[in-house]
1. For the condition touching a Lys or Arg at 6+ places or on another chain (Cβ under 8 Å) and small (Gly, Ala, Ser), what is the one hit in 44, 31?
2. Checking the conditions here, which among 40, 16 is hydroxyl-bearing (Ser, Thr, Tyr) and assigned to a strand (DSSP E or B)?
Amino acid sequence: MDGVSEYFGVQRWGIYLMQDENHLADFDVVGVSNAFIERYEQIGG
């Protein structure tokens, strides 16, 4: 997932890759706090 910032021209981003309907396979985020990530996951993004 390296290079996402340059490709899209953004400073903050997050990618969640799902294995199937409700199973997270992998995720990566850059430029946001852990508190933001936790809240985002609580409300279902």
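1. Just a single option satisfies the conditions, and that option is 31.
2. The conditions single out 16.
A short reminder: the numbers here are calculations on the coordinates, not readings from a lab. Treat the numbers as computed from the prediction; the structure is a model and nothing was measured. Cβ coordinates were reconstructed from backbone atoms using ideal geometry, including for glycine residues, and neighbour counts include every protein chain displayed.
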